[in-house]
1. Name the residue that is farthest from residue 38 (Cα to Cα), counting only residues in the range 159-181 that are within 18 Å of the chain's Cα centre (by Cα) and loosely packed, with under 15 Cβ neighbours inside 10 Å.
2. Which of the residues belonging to the range 112-136 are under 21 Å from residue 173 (Cβ atoms) and exposed (fewer than 15 other Cβ atoms within 10 Å of the Cβ)?
3. Residue check, residue 134 against (1) in contact with a helix residue (DSSP H, G or I) (Cβ under 9 Å, 6 or more places away or on another chain); (2) under 17 Å from residue 110 (Cα atoms); (3) assigned to a helix (DSSP H, G or I), all met but one. Which one?
4. Report yes if residue 175 is at pLDDT below 90 and closer than 27 Å to residue 67 by Cβ, otherwise no.
5. Quick check on residue 87: is it within 22 Å of residue 179 (Cα to Cα), touching a strand residue (DSSP E or B) at 6+ places or on another chain (Cβ under 8 Å) and surrounded by 21 or more Cβ atoms within 10 Å (Cβ to Cβ)?
6. Can you name every residue in the range 143-161 that is part of a loop (DSSP other than H, G, I, E, B) and touching a residue at least 12 places away in the same chain (Cβ under 8 Å)?
7. In this structure, is residue 126 modelled with pLDDT of 90 or more, in a loop (DSSP other than H, G, I, E, B) and closer than 25 Å to residue 54 by Cα?
8. Of the residues 43, 66, which is over 23 Å from residue 98 (Cα atoms), modelled with pLDDT of 90 or more, in a helix (DSSP H, G or I) and in contact with a helix residue (DSSP H, G or I) (Cβ under 9 Å, 6 or more places away or on another chain)?
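The values are calculated or read from the model by the stated rules, or taken from the named source; none is laboratory data. Here the structure is a predicted model, which is why all the values come from computation and not from measurement. Note: ideal-geometry Cβ built from the backbone for every residue, glycine included; neighbour counts use all protein chains shown.
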């Protein structure tokens, strides 16, 4: 499945999934039947790789979602969607989540006017995310903003492209997550 991990390359014909949609090697084209645990594990790995998390970070996020009121799977996707690195990518300031994480770690991003260098910060409703004034001429950021104009911004975010600034209008719902994943299987996997 295409997870859009390589930024703009995934929107072109150069994407690896478009060119060769099977594992490498002599036996890559052989069909394998995945059942039970394998399906649950595949869903968890898909979400982990999509958001660029390690197992420990993902487990802690799951435990936090489990303690929250409401449906655990939807809470999990909501928490992952509200991570600062994901919000910077969704606003179009970075071509990929990995690039967004690097921009944050290097101090190019401010949250509510304060410099933040931790990509895993969870943003709330009304939070203002901006690119520092010195960093706006950075060719990577400017190029990402130009290419992101065609993709658009999710409905739960508001973008002021001229000022390199975005705002979280509401908390994301399940419909706002553009990932085709069955979060119930992830909850079942961790409930064992």
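1. By that ranking, first place goes to 169.
2. 124, 125, 126
3. Against the list (1) in contact with a helix residue (DSSP H, G or I) (Cβ under 9 Å, 6 or more places away or on another chain); (2) under 17 Å from residue 110 (Cα atoms); (3) assigned to a helix (DSSP H, G or I), residue 134 comes up short only on (1).
4. On the way: at pLDDT below 90: yes; closer than 27 Å to residue 67 by Cβ: yes.
Yes, satisfied.
5. Numbers: within 22 Å of residue 179 (Cα to Cα): yes; touching a strand residue (DSSP E or B) at 6+ places or on another chain (Cβ under 8 Å): yes; surrounded by 21 or more Cβ atoms within 10 Å (Cβ to Cβ): yes.
Spelling it out, residue 87 is indeed within 22 Å of residue 179 (Cα to Cα), touching a strand residue (DSSP E or B) at 6+ places or on another chain (Cβ under 8 Å) and surrounded by 21 or more Cβ atoms within 10 Å (Cβ to Cβ).
6. Residues of the range 143-161 part of a loop (DSSP other than H, G, I, E, B): 149-156.
149, 151, 153, 154, 155, 156 - these are the residues of the range 143-161 that are part of a loop (DSSP other than H, G, I, E, B) and touching a residue at least 12 places away in the same chain (Cβ under 8 Å).
7. Numbers: modelled with pLDDT of 90 or more: yes; in a loop (DSSP other than H, G, I, E, B): yes; closer than 25 Å to residue 54 by Cα: no.
No; evaluated as a whole, the condition is false for this residue.
8. On the way: 43 fails: over 23 Å from residue 98 (Cα atoms).
One residue alone meets the criteria, 66.
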